[in-house]
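Data first, discussion second: the structure below is written as structure tokens.
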Amino acid sequence: MPELPEAQVIAADLDRALKGSVITGITVWFSKALRPDDAERIPGHVLEGAERLGKMIRFRLSEDLNLVCSLRMTGQFVFGREYEDGPEKDPRTPAARIRDGRAPPLPHARLAFRFKYAPGKEDLGTLFYRDVRKFGRLTLFEGPDFMKFKRDSVARDPFEFDPGAFRELVKSSRKPVKTLLMDQRSISGIGNIYATEILFASGIHPSRPANDLSPKDADRILANSREILKLAVSGGGSTIANFEAPSGKGSFQLFHKVYGKKGENCPVCGRPLSGSKTGGRTSVYCENCQK
Ligand SMILES: [Zn+2]
């Protein structure tokens with residue numbers, strides 16, 4: 001599931017490729033991914049930019065529309081001109097096949113966005129939204145509704161928190177610290193992978209109640225969050241299972257110290273790493289180094 005670094009990389013790729021382009025058409029193959037009446041309102045609008053919003057992607061469209069994409073487990077954006085059964089098996093031209101919206105031209109494609117590319121941009125073809133598990137959602141908001149959605153559902157991310165406010169957040173919660181870090185309404189952008197790495201780097205056990213931590217512990221967690229997320233962005237994100245940005249796979253998984261390494265030796269003290277469930281998600285940690 002994409003977290004802050006992966007969403008940031010995807011948004012930057014899409015912004016670079018599409019900023020200023022006009023969306024000329026959309027095909028919906030799976031109407032839960034984008035409601036057909038939302039889809040109908042989008043063509044003709046300029047895509048003014050793409051940016052990260054917590055772990056989500058926000059497309060800014062002309063006339064104050066916002067298309068917000070939550071990729072959930074397996075959502076991906078892919079540019080392409082591929083076809084399920086090859087153009088030779090279909091008498092229509094490839095472009096007509098896409099226009100007709102009969103068959104998703106990529107396996108698991110749920111949506112297709114077509115563009116008139118902005119002057120000077122390379123024509124990358126159609127942007128497909130693929131989603132194997134089908135949990136991802138795109139939602140269209142008008143300006144005021146978008147502001148309300150953002151206020152109610154997307155908390156500050158670790159780069160937006162000042163240390164004092166972060167100390168307050170930690171002090172006010174009785175949740176296990178790992179659960180708090182992953183709660184998008186408290187702090188946005190962090191999921192299981194980075195919460196696991198941040199708590200290892202901070203020497204803090206994932207099931208410690210947040211309000212049991214000292215202000216210094218909170219400061220250390222915030223500083224490590226920023227450092228690890230920044231490094232992960234520069235590594236193109238972590239490719240676990242199927243993450244892939246339009247520009248390709250990330251490599252930060254090569255630098256994970258504990259995530260997915262239960263039973264392997266702790267890179268600091270050499271003892272075997274433990275694993276247990278916290279808030280329904282598997283935590284990996286070192287009993288010796290994380291208190
Ligand atoms: Zn250790």
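When the charge dipole of the chain is built from unit charges on Cβ atoms (+1 for Lys and Arg, -1 for Asp and Glu) and taken about the Cα centre, the candidate among Ala11, Gly203, Phe79 whose Cα reaches farthest toward its positive end is Gly203.
Other residues with beta-carbon under 14 Å from the beta-carbon of Phe159 carry, at +1 per Lys or Arg and -1 per Asp or Glu, a net charge of -1. Among Lys55, Lys291, the ranking by other beta carbons within 10 Å of each residue's beta carbon, starting with the fewest, stands as Lys291, Lys55.
Its convex hull of Cα atoms gives the chain a direction-averaged projected area, equal to a quarter of the hull surface, of 16.3 nm².
So if R0 is 22 Å, what FRET efficiency would Arg133 and Ser251 give, r being the distance between their Cβ atoms, rounded to the nearest 0.05?
On the way: r = 24 Å, r/R0 = 1.08.
Using R0 = 22 Å, I get an efficiency of 0.40.
Near Lys257, which lysines are there with a Cα under 30 Å away, not counting those fewer than 8 places off in the same chain? Candidates past the 8-residue exclusion: Lys55, Lys171, Lys175, Lys178, Lys216, Lys230, Lys249, Lys277, Lys291. For the pair Arg185 and Lys32 in one chain, pulling the backbone fully straight at 0.36 nm per residue adds 52.7 nm over the alpha carbon distance.
Of the DSSP H helices in the chain, none is both long (alpha-carbon extent of 27 Å or more along the helix axis) and hydrophobic (Kyte-Doolittle mean at least 1.6). Remark: the chain carries a charge dipole of roughly 780 debye about the Cα centre, counting +1 on each Lys and Arg Cβ and -1 on each Asp and Glu Cβ.
What does the net charge come to around Val258 if you take all other residues with beta carbon closer than 10 Å to its beta carbon, with K and R at +1 and D and E at -1?
+1
In the range 143-244, the convex hull through the Cα atoms has an average projected area of 7.3 nm², a quarter of its surface area.
When you count the other C-beta atoms within 10 angstrom of each residue and take the mean per peptide, 261-273, 190-202, 213-225, 154-166 line up highest first as 190-202, 213-225, 154-166, 261-273.
Distance from the C-alpha centroid of the range 149-164 to that of the range 7-61: 23 Å, rounded to the whole angstrom. When only Cα pairs below 8 angstrom with a gap of at least 6 residues are kept, the chain shows a relative contact order of 19 percent.
Which net charge results when you count Lys and Arg as +1 and Asp and Glu as -1 among the other residues whose beta-carbon is under 12 Å from that of Pro206? So the surrounding residues net to +4.
Have a look at Leu111, Ser247, Gly136 and report the one farthest towards the positive end of the charge dipole of the chain, computed about the Cα centre with Cβ charges (Lys/Arg +1, Asp/Glu -1). Result: Gly136, furthest along the dipole toward the positive end.
Dipole check for the range 180-279: with +1 at the C-beta of Lys and Arg, -1 at the C-beta of Asp and Glu, and the Cα centre as origin, the magnitude is about 140 Debye.
From its DSSP helices (H runs of at least four residues, each -39,500 (n - 2.57)), the chain gives a residue-normalised ellipticity at 222 nm of -8500 deg cm²/dmol.
The simple Förster model, with R0 at 30 Å and r as the Cβ-Cβ distance, assigns Ser276 and Arg226 a FRET efficiency of 0.65.
Just so you know, all these numbers are worked out from the coordinates, no wet-lab data involved. As the structure is a prediction and not an experimental result, all values here were calculated from the model. Don't worry about glycine lacking a Cβ; one is built from the backbone with ideal geometry, like all the others, and counts go over all protein chains shown.
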